[in-house]
Every structure is written in C-alpha cells, then in structure tokens.
1. Only one of these is at pLDDT below 80, under 24 Å from A:Trp296 (Cα atoms) and charged (D, E, K, R): A:Lys86, A:Lys75. Name it.
2. Out of C:Ala211, C:Ala186, which single residue is within 18 Å of C:Gln116 (Cβ to Cβ), out of contact with any Leu (no Cβ under 8 Å at 6 or more places or on another chain) and not charged (D, E, K, R)?
3. If you go through segment A:129-143 one residue at a time, do you hit one that is of a type outside the set (Val, Ile, Thr), farther than 15 Å from A:Ala201 by Cα and more than 10 Å from chain B (Cβ to nearest Cβ)?
4. Scan segment A:267-325 residue by residue and report those that are assigned to a loop (DSSP other than H, G, I, E, B) and within 15 Å of A:Val27 (Cα to Cα).
5. Note down all Cβ pairs under 8 Å where the first residue falls in segment B:140-155 and is without any contact (Cβ under 8 Å) to a residue 12 or more places away in the chain and part of a helix (DSSP H, G or I), the second is surrounded by fewer than 17 Cβ atoms within 10 Å (Cβ to Cβ) and of a type outside the set (A, V, I, L, M, F, W, C), and they're at least six residues apart or on different chains.
6. I'm trying to understand the selection: among the residues of segment C:164-210, which are basic (Lys, Arg) and either within 12 Å of another protein chain (Cβ to nearest Cβ) or surrounded by 18 or more Cβ atoms within 10 Å (Cβ to Cβ) (or both)?
7. Identify, from the list C:Gly129, C:Gly108, C:Gly160, the residue that is closer than 30 Å to C:Asp206 by Cβ, small (Gly, Ala, Ser), touching a residue at least 40 places away in the same chain (Cβ under 8 Å) and at the interface with another protein chain (Cβ under 10 Å from one of its Cβ atoms).
8. Please verify whether segment C:149-158 includes one or more residues that are touching a Ser or Thr at 6+ places or on another chain (Cβ under 7 Å) and either within 30 Å of C:Phe90 (Cβ to Cβ) or of a type in the set (D, E, K, R) (or both).
Amino acid sequence: MLTYIIRRLLYSIPVLVATSFLIFTFVSITGDPLGRLRSNPNITAEQIHSIEHSKNLDKPVIVRYGYWIRDAVTKQFGTTLFGNRKIWPDLRRVMGHTLQFILSAIIISAILGIAIGVYSALRQYSLFDYTATTLSFVGFATPVFWLALMLQVLMVQIFLKWNVRVFYTSGLSSSVNAGHGFHFLLDRVQHLALPVIALCALSTATYSRFMRASMLEVLNSDYVRTARAKGLIERRVIMRHAFRNALIPLITVIAIDFGALFAGAIVTETIFTLDGMGFYFVNSLFASDPYPVMAWLMVVATMVIIFNLIADILYGVFDPRIRYE
Amino acid sequence: MTPPEGPAGPSEELTYQYGLEIEARSQWAYARRRFLRHRLATTSLVILLLIFGAGLFANYLAPYQYQEINLNALSAKPSLHHLFGTDSAGRDSLSRVLYGIRTSARVGVLVGILSTVIGTIVGGLAGYYGGWADNLLMRVTDLFLTLPLLAVLLVAAKYLGHSTPTKLALLLAFLIWTQIARIVRGSFLSLREKEYVEAAKAAGAGDLRIMLRHMLPNTIGPIVVSATLTIGTAILLEAVLSFLGFGIEPPTPALGALLNEGQDQGIDKWWLVTFPGVVIVVIVLCINFVGDGMRDALDPTQRRVRT
Amino acid sequence: MRSIPPSGAFAPNPTSPVPEPVLSIRDLVVEFSTEDGIVQAVDGVSYDLYPGETLGIVGESGSGKSVSTMSLLGLIPQPPGRIVRGEAMFQGKDLLKLSKKALRRIRGKDLAMVFQDPMTSLNPVLKIGFQIGEAIKTHNPKVKDDAVKQRAVDLLKLVGVPNPERRVDQYPHEFSGGMRQRAMIAMAIANEPSVLIADEPTTALDVTIQAQILEVLKKAQDETHAATILITHDLGLIAELADRVIVMYAGKVVEVGDVSTIFASPRHPYTVGLMDSLPKLTAAEEWLTPIPGQPPSLISRPPGCPFHPRCFLSQGRARCREEEPPLRPIDESAHLTACHFAEELEGRAGHLVEPVGAGT
C-alpha cells in the first residue's frame, strides 16, 4: 500500500510538469497582459518596451516558462505583474477559506445525497422518491449563480419585510473583530450558510441520483438475493450487503466532483464577496494579471490530483477486489 | 400530444397469437413510438419549442423594443403593462427576456451543432485509427480532469474580450466537444470488432465507407442524445460567463447578461433577477427531459418495468 | 374455483405406502406487470415433492420454472411480481400465507437455494467464510464465532474445496467459478435443509466443471437427505440426477412422470419436441430437429392449448385451438399429460434412454 502511494506520488510529478507547461502556454497565448497599457495614449511605446524588458515579456514563451517555473519553485510563485505583490501569502489565505468552504460542502452534500438516495431506492416510486427525483432534476437545470442570487433575494425580502436578518448575504464576518467562541461561530455560520447551500445543491442532486441508481442496482443483484435466501433480516441485507457495495462507486463520483466544486466556488464567492480562491481568481482575471491566474490553476490542479489519489486509496480500502501491489 | 395507444392492429394481434413471426418495423419507427409514449419528454419538447419559438419571433411577440425606454416606469414592479417589470432605465423586462432567449438559444444550438461535428470527427478517427486523434482527445480529456472547465473557459473568454454570440459559441464548442468525442470513440472502438464490420472489410470496403455506412449509423443514437444535452450545457455556460462579465456584454440581451444587470441594479428589484433565471431553468430542464426521452427511445435494450 | 387435478399427487413408487409430501403446491399463479402488459409467468401450477427424492423441472427459458420456486420463498421482486393465488404447504404451513418474518425463518434453514450464476451470487466485498457463517449464525444466533468458522471450514471441505482453512478467509474473486458454486452449495446446506432448490446450478459453468458440481450436489443431498428440486433446461442433467420430471411450457405443467417413463414414452408433443431437439449419438443425422416457432408471448397467450401453434400433432385441429387441455393421467396413474391427443403418441419412444455408445 505504502509503495503504491509513493509510486502514485512519483507518477504525479510528470503529470504536474506537463500540466504546468499547458497552463503557462495557455494563459500566455490567450492574453496580452499589457493590452490595457498599450491602448492608453499617455504611455509611450518606449515605456512599454522597458516594462516588457524588465518583466522578461519580450523573451520566447519557452524561456519565460523556465523563469516562471524557477520562481514558482524557489519564490513561491513570485509576485504579481502589476504592483509586485507577493502571490503566495494571498493565495494561502484564500485557499484556507475555500478549502473550509468546499470540504464542508462535500461533507454536507455527501451525507444528504447518500441519505436521500438510499431512502429513495428503498421506497422506489413513493411520494418521497418522486419529490426527490423532481428536485434533483430541477437542481441539475439550476445554475449555481442564479440559486445564489435567489437566496440573496429571499433574505433581502425577509429583511425588508420583517427587518429580520437570518443570514448575511456577503462577506465572511460582520466585522474584523467578530468576537470569540460562540459568537464568532454563529457569525461565521450566518455568513457561510447561503454560499454553502448554493454550492451544495447541485452536488446533493448529483450524489443522491447516483446513490439511488447504485443502490437500486445492488438491491436487484444476485448476491442480495442470495443474502435474502439465507434468511437474513432485511435490515442486515440492506446495511451489510447492499449499502456498502452501493457506496463504493460514489467515491469516484465525489472525487470527480471535487474539481467541479472549484467552479462552483468561483461563482458563489464572487456573488457573496467571500475572500476565497474563486473571488481571487476572478479579480486576477479582471486585472489581466497572468501570474496569479497561473498560480491559481497550478494549485487547483495539484489539489485535484491529491484528492483523486485519496479517492483511489479509499476505493482500495472498501473494495477487496482492488489491491495495490 | 399523446399518440393513440389503442390495441395493436389486426395483423399484429395475429402474429402475437401464433407467436410465429414478429413483424419487422424500422428502428426509427420504434424509436419515435417509444419517444411519444414518454409523456414527460413530449411535453418538455412542446414547451421547449414554444420558448425557442418565442425567442425566434421576439421582434413580433415582444411588447416593446428591448432598448426602448419608458421614463414613466423606472424600476417598475411587474404589472399588466410590464409583465416582468422594468429596469432602472425603464426598459421592459419581458421584451428583454424574449430577445435574451433568442441570443441564448442561438448560442446553445450553434454549440450543439459545432461540438457534435468536431466531436464526431475526432472521436470517430480516434476510435477507428487511434493515433494522433486519440492522443489529442486523451490529452484534452486529461486537462479537464485536473482543471475546472469554468476556470479554463473564463481565461479563454477573457482573451476574446467583447464577445458576440457567434464568437462565444465558437469558444464554447472548441472546449466542450470532448464529451461527444469520447462517446463516439467508445462506440467506434467496440464496433470495430463487430462481425459485420469485419465482413465489410473482407469485402474490400474502404475505411471511409465502413465508418460512414456501418459505424456512424450505429452510433447515431448516443450522438443525438448527447448533442441535445450539450445545448443545455452550452446555455448554462453562456449564462454563467455572461453573468460574471466574461461573455456576451450589453447592449446585446442574453439571459446571463440580464442577470448580471439585474444584480448590478440591486437585488431588492427581485423581478430583474428572477424571471431570466426561471427561463434558463425551464429551458435546461426541458432539454434534459427531452434528452432522457430520446435515450429511452433510442436504446431498446433498456426496458422499463411499470408498477 | 375449478377443481385442480393434483398433478403428481401420486406416490413416486406405487407399490410402497404413499408418503407425505414435504412440499405441496396447488394452483400457483404468479404475474409480472411490464411496460407491455401483465405477464402470467406461472399459470396454475401444482405439484408435490416427496422426502428424499429429486424432482426435475424442465422447460425453455421463460416457461416459469424458476419463478414457480422463487415465489415460494418470497424472492421475486414485488412489485412488479405478484402472487395472484395458490397454496404451498410445507411443514403444515402455507408458505404463501406466512408473514415475512416467519418466511424468513424458514428461508435458508429448512428451504435452501443454489442459484444459477456463482460469479454474481456471492457478495464481492465479504469473505467466503463470513458469507457461509452468516447463513449459520442468522438461524442459530447462540453459536459461538469459533464454532461457526469451524463449521464453515467443514462445509467447504465437504463440498470439495481444497485447503479450506485458508480458503475460508478469501474473497469471492479469489475463487474460480466452480469453486464459487461449491461455496454456494456449502452455504445452502449449512443448516441441513429439508428441501434444496437448485436453479440451473451448472448452466453458467464450464462444461468440464459441470460434472464435478453434479457430484457435489449428489454428495450434499446424501449428506443432508434433502428433497431436491432441480430446475434446468438440460434434459441430460435430468436423466443424470432426477427421479421424477415436471415439464413446463408457457407457465403451465404439461407433463409429469418418472424419469424412466418420460424418457421411454413421452406423452406430450412438447416433451417429444424437446427430446428430438437433442443431439443423439446413435443416429447419423446432419441436423438437429428444433421445435418450430417461438414460445408464445405470455401477455396475449393463444386460446386453447398454449402449444398448439407449434405442435406437430395438432395440425390445425379445432379442439386444440379452442379447449385448454387439462392435466390427466395416461398409461399409468403416476404419468400425467396435458394433451388432448396424447394417445396418438403411443409407441413413439423417446431417445435418450436408447442404449448409447459402443456395441450398438
């Protein structure tokens, strides 16, 4: 097992190198970071040339890639193009917030999705099943950003009508000094509730549909029939023979969804002005600053690779047919 | 809407009775019958056609021009004069939504067609020959496994800058064709081993002929389903890009752009952000149901048990 | 309710005193609702199973042979399946009227089953020993874990799994198909059932393994003295193992009798057809003789005899088309057939019992 993990980690190094090259070339060729300066009549061509020269922008892409990799490894992704602000401290701060945000969304969606999916499968074609199915179809068709907007609209209407503030619609905390202990926690929950709901909706719909299908398939399988033929009580048939087998493929679904949740974070954090990775990414993009964008993509790619590795290991723990030699 | 579902005709009755022969019927006739029997899918198709039709004929149906300003009704709530209300410039929201549907539907359908064409060609070549097409497909797929699609789209859309619907559709198509390509590749890979393909090869048929005459027709079902669902995906992506300000920009009304404007004008004007979003949800919901119905209709191996 | 001919309600051996049947099924009707309509999978089936005997049920796929036994144990999915009516007396109780709980207590203890496909019938994520032990423990909760494991090892040894002490801790994917079926048999006989139902136990297996599994089945039967129902489409298997045969067609019993009687003088055209479609080692034929046509749709079944559209004997006679033939005794009391014109088959011998091999 340990050797497998080490081998997988070693194997991800070339994958990351290839990804880094793709990211660098992709971001470099799709945007001219100095475009806005060029169109500014107050800046002369010489000034632009001197900026290009000082930032090595006049070198070929492959050379610039070399510089970038060097900076990424030795100087923690270096500084931004405009303003020479260090990238890593900012990125590390927003990463912390976003990971909290995404992991809580995964945990909540997984618990809800599994519970709904299993119950739907056990009570197939019941009122609960129909309701859950309908809601999940609506969930698939609802853009995350619009759901976020609607939640804000709802809270604003409640506030305007009754002057009650249930959840906050922007930011992470009410003030810099949000207090300690319970007050801090309550304040955080009031701020994070809406973005987490918005982010969870689509994942919950996905997991519950998948879990329902997986559970139904297992419930109709030959080995569940064997378990029943042995005379096991139904609860044991479901928990010991059906549930565990149905759960295994969900691990892959959640692992794939992890990457998609970053997309969700881009949208929700922008709408709720949360100081997270998504907000940081959109702002860097608006500023046409390539380096934080590249650093962001690298960090996300690395996290997705690590998360997939964890999922693979979990898969092996649950399914004895997979053995990592 | 629902087809007559009476007893089968006399000849069918007879064959059933004697169990000796089964009447041959074209695959498409079966598929059409199964689709029409799928009530949710047929209803969705009708709603979808109505919505797209309303967008197509927006210039006849819209009560106002989309840039027409009514200074007597600035930020007006929905009323009989302005069913969906007006924005802060006094422009009629319903008219803007109708024109927005036209833009979004055009992007969606264009992406559906383009990505299907690209995906079918690359996927077909990858499945039949392997080689460079297979490599290209696999590398692009790998990239999207490690990077969120939306992030890649945003970076590319940023470069495009001030976007027209056609430009945005091209961009989307060039980034989401891989799904169809993977389906076609998988199908071609398995069809390559089938006896009738071997037989055609042995009879001296050329590669192109084998692909077009023997393999493509057997893949058309999944391609059609996937193309349909891609329209929905494209409409959602167009909306989120335009909403974030990287897609279609004002004054062209698109559903996502309308939501962006609505948010800018303050979400206490709930009607500005509610109606365009509801339209998106209904469109995508209907597309998904139609796709599901087609999948059931085109895949006769899936027989449902009714209770 | 119309009177039902008690098919097979005759002693297997008419000279000895009639023993009580262990399992007695009367007029069982099972339906499935599908997209195209209601399918009558089992349509008025009746038969008896006597202690210690092996009863073969033979028929094409879709003839209702599996459903008729599976429904007794409550193992068909309901819905879409539905037991419309019938009676299944076992140990003085009607299985079809038992509560779920009471039926569960019988299942796997007194009535055990071996399924067709050993590759999919074992849970892939649980150890073989655990799965066998579960069968023991659920009906004997007081037995200690060590004893359960020892019993699992003994059972694996009995069914001929080599190195059972090690194998008991392995997962199904570490077993071959034949070994898995042995484990399935071990699981089925773990509680020494009085009735063992084997549903196509060798169909999914390699031909070379089939004979071994038959040996294991015979041994398991000897060991537990269980009366056995052997469901198969393979007449060879019936000839090998069964004492009596039930032939099913389109959800109905069409012929019942001793194995030797049925093979020597089949009295239903369908049985004759089944035998004709087997390869014969004696005749130098180029072609097998299949039964023409296809099994009828169970949704809109033809009126009259269900077999008449394919029957060589019917030849368009009106009686076959209009009147459903009842199951009635012919030749001797233990031989029943559901054919109006069974007498016309007299003298038409079956083929399998013809001496086969060298010297003929």
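1. A:Lys75
2. C:Ala211
3. yes
4. Correct list: A:Ala287, A:Ser288, A:Asp289.
5. As it stands, the answer is B:Val155/A:Thr30, since those pairs meet every condition given.
6. Across segment C:164-210, the qualifying residues are C:Arg167, C:Arg180, C:Arg182.
7. C:Gly108
8. no
The values are calculated or read from the model by the stated rules, or taken from the named source; none is laboratory data. Quick caveat: nothing in here was measured; it's all calculated off a predicted structure. FYI the Cβ positions are ideal-geometry reconstructions off the backbone, even for glycines, and counts take in every protein chain you see.
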